[in-house]
Structures are given as C-alpha cells and as structure tokens.
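Here the structure is laid out as structure tokens; the discussion comes afterwards.
The values are calculated or read from the model by the stated rules, or taken from the named source; none is laboratory data. None of the values given here were measured: they were computed from a predicted structure. Cβ placement follows ideal geometry from the backbone for every residue including glycine, while neighbour counts extend to all protein chains displayed.
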Amino acid sequence: MKKFAHLGQLIVALCLLAFTTSAGAVQVHLKFTAVAGNVHRILFNPVAPNNRFWQDYIIVTNKQGQIDLSLPTTNGSSGFYRLVDTTGPAFWYDWRWYNQSNNFSIWGFGSNQVAYVHNDRSWDWYVDQANTGPDSAVNCGPAVAAMACHWFNQNSTVTALDARTTYPEGDGWWSTTDLANYWNLQGIPWNYYPATVAAITNSVAQGQLVILCLDLAYLSQATNSLQRVHGFGFSGTGHFVCLKGYRQSDGTLWFELYDPCDYGNTYADGTPKGRNRHYSVTEVMAAVINWWPYYMTVLPPTQQNVQTQAMVQQSSVAKSFSSLPVAMGK
C-alpha cells in the first residue's frame, strides 16, 4: 500500500541516469543543483526508461546548491534513475506526477487533493473484457477474476478466456460463486464482507484488492471526454469491477476502479479509460447496496496466513465460502 497526503509538486525539469555496475564499481553518484523551495524526487526503474512504473526512491526538500547523492547498488546490477524537479502542488496518478492546478480540476477531481491511498502493482494487471472470446460482452466476471490473479501474482499467466472456459455458465453472466471457485483453483486467498464505506476503505488501507458487483444504473456519466471521473458511456445492471484505491479531495471521496468494460476507449494520452477510473463513493455505495450489498477481497501474498486463519475461524464479520451470497454481473 502507498499513501500520499498533501502531495508533491508540479514537474518542471527532468533528467535521466542509466547505470550498470561491476565488481569494481558499485557506487552511483547523482549530482544536481537544488533550487530553494523546490521538491526534488529521484525515481527508480529497474527495467527500462520507457517502462511506466517509476517509483519514488529519494525525496530531497529544503536544499539549495550542489547536491551529490550516492545511490546504493549491488554488484552486477543495472537500472535507471530519473530526477524530477518540482514546484507547486501536484498529484500522483497511474505512476506519474501531474500538475494539480490544471489536471486535477480538468479531470473532475476537484481543486485540491487531501489524501490518496492505493494498492497498485509495479506491473500491468489491467484486463479489458473486449476481445476475450465469444462471450466478451458478458465477460466482466472472468476479466475481474484474471485481474485479481495478476494483481496477486506478477507471474500469473491466466486470462479472462481461460476463466470463462473453466466455468462456461452457458455463455451467460458470471456469479460471485464463479469468482470464488476460480480463485480457489488458482490458489488466490479471498473473503467477503458486508459493504460499508468504512469497511471498504479499511480493506484498501490494509493493502487488499476489493471486488464489487454493482448496478451501473446508479453511476452518473462524465460531462466531457477530459474527465476521469464517472462513467464513460456504458450502462446496465450487474457488473464486476476491481477497487484498488481511494482519493480524498475538497470534501469529496472517490473510489478508484479498474473497470474491465473499456472496449478500447482511451484518453488523449493513450491510456485506457477503464483503468484508474474514479467514481464518487456516494454513487458507488448506492450501486452496491441496490445490487449486492457485500464486497469481496483478495489479500496480497504477505497476508495469506492471516486470510487462511480467518477462513478457518469463520469470524462473525468475515464469511465462509459456503455462505457466500450469489450475485451476477456482465
């Protein structure tokens, strides 16, 4: 889990440092000029400079003049460091820092961000249900099942088509039972709970992936194509989505979803509209309560033992598989 409060600054400068170490050279130095009042973020990427998963490594504040940072490495290691020099409020979205004074309001979030909590992964795990086989139109359940597997395990090779083939359901809608059965086959620890805002945000804060089955009719549509909040053209009744974060801004709380019903819709920057789409908590809860008033969770690998214990004890809050209420989605 990563938490951000009163976030960073506006990106104004950028440089890139690539390195490869050997037995005789295991230190990398990054030298730059710090500007008073700026925030200087050193980001790290072990893969490639065009890989989008840059992570905050060191943050330098309240400094001025020449800075010489010794960046720890190991023999035979390689990677990339990026220096982001920032000034003015900014916010983090989909592994990038953005100008808060422009993008935040244009995208529909509000004026100022207060806090952000997310359980993203430093690898691609989003699945668009389009082109997932002959049942693509009703494959939100198989797509969400596959996303949860990839979120849990970076090396997972399952697909939405594999999930659908395993549980065909007569080419119809999938149910919560299908999700549970498929995750059991894949060794994915899951549970479910009654849905409340406090319970869902607490699960996210504990590093868990949340799965909802909701009625899209309760979600309003965006008013323009630049917004990254509300719906973007799809409606209907039962639908499965992954909830992987929440964002607080200007008194409004947003849930951040991975919605598989994207069908190739992208923003101007080429990123999928279904990935990291934000919806107001009020609308999401109405959509949940009026369709399936529960939520499922998938725990990260570090919490597997906790999940197993909870399932065995069958506490008064966490429910067992045999009592899982059934809801369906497409």
Tabulated pairs, region 84-110, first more than 20 Å from L253 (Cα to Cα) and outside the structural domain of S225 (by TED's automatic domain parsing), second of a type in the set (D, E, K, R) and crowded, with 17+ Cβ neighbours inside 10 Å, C-beta under 7 angstrom, 6+ apart or interchain
V84/R41; T86/R41
Tell me, yes or no, whether region 275-290 has at least one residue that is charged (D, E, K, R) and in contact with a strand residue (DSSP E or B) (Cβ under 7 Å, 6 or more places away or on another chain).
yes
Expected single match for of a type in the set (A, V, I, L, M), more than 29 Å from P46 (Cα to Cα) and modelled with pLDDT of 95 or more among V158, V117, V144, V138 is V138
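On the given criteria, is S105 in a loop (DSSP other than H, G, I, E, B) and among the hydroxyl-bearing types (S, T, Y)?
On the way: in a loop (DSSP other than H, G, I, E, B): no; among the hydroxyl-bearing types (S, T, Y): yes.
So S105 does not fit the description; no.
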Does I58 satisfy the criteria of being at pLDDT 80 or above, assigned to a strand (DSSP E or B) and closer than 30 Å to A205 by Cβ?
yes
Failed item in (1) surrounded by 23 or more Cβ atoms within 10 Å (Cβ to Cβ); (2) at pLDDT below 60; (3) not aliphatic (A, V, I, L, M), with G274 passing the rest:
(2)
Among the residues of region 79-102, what is the count of those that are in contact with a Lys or Arg (Cβ under 9 Å, 6 or more places away or on another chain) and either among the hydroxyl-bearing types (S, T, Y) or within 23 Å of H230 (Cβ to Cβ) (or both)?
7
Looking at region 100-150 only, could you name the residues that are buried (at least 17 other Cβ atoms within 10 Å of the Cβ) and either touching a His at 6+ places or on another chain (Cβ under 6 Å) or aromatic (F, W, Y) (or both)?
F104, W107, F109, Y116, W125, Y126, C140
Tally up the residues in region 176-191 that are under 20 Å from V204 (Cβ atoms) and not in a loop (DSSP other than H, G, I, E, B), please.
5
All but one of (1) surrounded by fewer than 16 Cβ atoms within 10 Å (Cβ to Cβ); (2) in contact with a Leu (Cβ under 7 Å, 6 or more places away or on another chain) hold for T177; which doesn't?
(1)
